[in-house]
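Laboratory data are not the source of any read-out in this text; all were calculated from the coordinates shown. Quick caveat, the model's predicted, so the values are computed rather than measured. Cβ placement follows ideal geometry from the backbone for every residue including glycine, while neighbour counts extend to all protein chains displayed.
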Amino acid sequence: MPDRYAPDTHHALVLIGGGGHAAVVLDAARLAGWRVDGFYDDNAEAPLSSEAPHLGTIRDITRDLPEYQRPILAIGDLRARLTLLAENVPHELGERFATVVHPRAIIAGNVEIGAGTFVGPGAIVNARARISVDCIINTGAIVEHDCWVRANAHIAPGAVLAGGTQIGRHTLVGVGARTLPMAKIGMWSVVGAGAAVTHDVPDRTVVAGVPAKPVGRSGRRSEDVEHAYRSRAITLHEDPPATQAEGTT
Ligand code: JB3
């Protein structure tokens, strides 16, 4: 069966970031058959420099990136990701972002995975799940049937989203955390490592523990950069315009 997320031979990948997450994306991409031309990072000595050519600083990524090159953001921190996408990476490149799926991830046949999203080794994305743009579905994470993971969310290694869970934009579900079916977790929220989400989580809320309880606020002072992100060329086409469920915008 053809692999929907296999690269075609006309394109090469370039990574934005050269640290630990970039090493994971590089390995997955090469195993999936991508030619990787190198990485952009402000630090020319970043760890990835021993494995791939350093192509320049983040500022060197211009709209003139050769047509055959497709970028992907390979930095883990969600706020850094958002800032780079909104302010540093030319908007014109938005539609050219690559989707990179590790060849040993398990992806159901009828899911959607957006541009700029990375799915790591051993991850499972089950039937009718919808994963938006610029997300990280990290090593061994499980995104069950009918889940909806919105833009720039990060499902950390070993986290489990039960069927129908909704995750808002720029939200982190921490290592080994889990949700009950149909849970709704808002935007800019954080689910602590190992937490069990048994109730919906509002926007900009940090929850932790079993069962998960609010322990703080997150994602304040993000409105400007969020606005810039939403006006990017790709403009989150996979999300509906204005009528999202409360807490999951
Ligand atoms: O836990 C796992 C499996 N992965 C973690 C991943 C999700 O996040 C990993 O263990 C790390 O905790 C983290 O990986 P990441 O994001 O690659 O972090 P680090 O190894 O520190 O590398 C970050 C790279 O991005 C560095 O080379 C920085 O120069 C660059 N960088 C980070 N923030 C930035 C910024 N560059 C610019 N221009 N602006 C930023 O805000």
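Quick notes
- Cβ-derived FRET efficiency at R0 35 Å, Ala196 paired with His10, nearest 0.05: 0.20
- Over the stretch 3-94: Kirkwood hydrodynamic radius from C-alpha pairwise inverse distances, Å: 13.3
- For the pair Asp64 and Glu223, a Förster radius of 41 Å applied to the C-beta separation gives a FRET efficiency near 0.85, rounded to the nearest 0.05.
- Over the chain, DSSP H runs of length four or greater, each weighted -39,500 (n - 2.57), average out per residue to a 222 nm ellipticity of -3000 deg cm²/dmol.
- Against the chain, whose longest principal axis comes from its Cα atoms, helix 20-32 is set at around 70 degrees.
- Relative contact order, percent, the stretch 43-161 [alpha-carbon distance under 8 Å, six or more residues apart]: 17
- Each of Ile106 and Arg230 was given a label point 7 Å from its Cα along the Cα-to-Cβ line. The distance between the two points is 3.7 nm.
- The charge dipole of the stretch 14-84, taken about its Cα centre with unit charges on the Cβ atoms of Lys, Arg (+1), Asp and Glu (-1) only, comes to about 240 debye.
- For Ile107, the residues whose modelled amide H falls within less than 5 Å of its own, excluding neighbours fewer than 5 places apart on the same chain, are Val125.
- Enclosed volume per residue, in Å³, of the convex hull spanned by Cα atoms of the chain: 111
- For the stretch 1-47, the spread of Cα coordinates along the three principal axes comes to 40, 19, 11 Å, biggest extent given first.
- For peptides 16-24, 207-215, sequence by mean Cβ density within 10 Å, most packed first: 16-24, 207-215
- In a reduced charge model with +1 at each Lys and Arg Cβ and -1 at each Asp and Glu Cβ, the chain shows a dipole moment near 660 debye about its Cα centre.
- Once the C-beta distance of Lys213 and Ala80 is scaled by a Förster radius of 22 Å, the resulting FRET efficiency is 0.20 to the nearest 0.05.
- Centroid-to-centroid separation of the stretch 87-119 and the stretch 175-210 [C-alpha atoms, Å]: 24
- Most to least packed among 7-15, 143-151 [average Cβ atoms within 10 Å]: 143-151, 7-15
- Distance (nanometres) between label positions extended 7 Å along Cα→Cβ at Glu87 and Asp27: 3.3
- Remark: the stretch 100-217 is approximated by an ellipsoid whose semi-axes, taken from the C-alpha gyration tensor as √(5λ), come to 21, 13, 12 Å, largest first.
- Sequence ranges 218-230, 193-205, ranked by mean other-Cβ count within 10 angstrom, highest first: 193-205, 218-230
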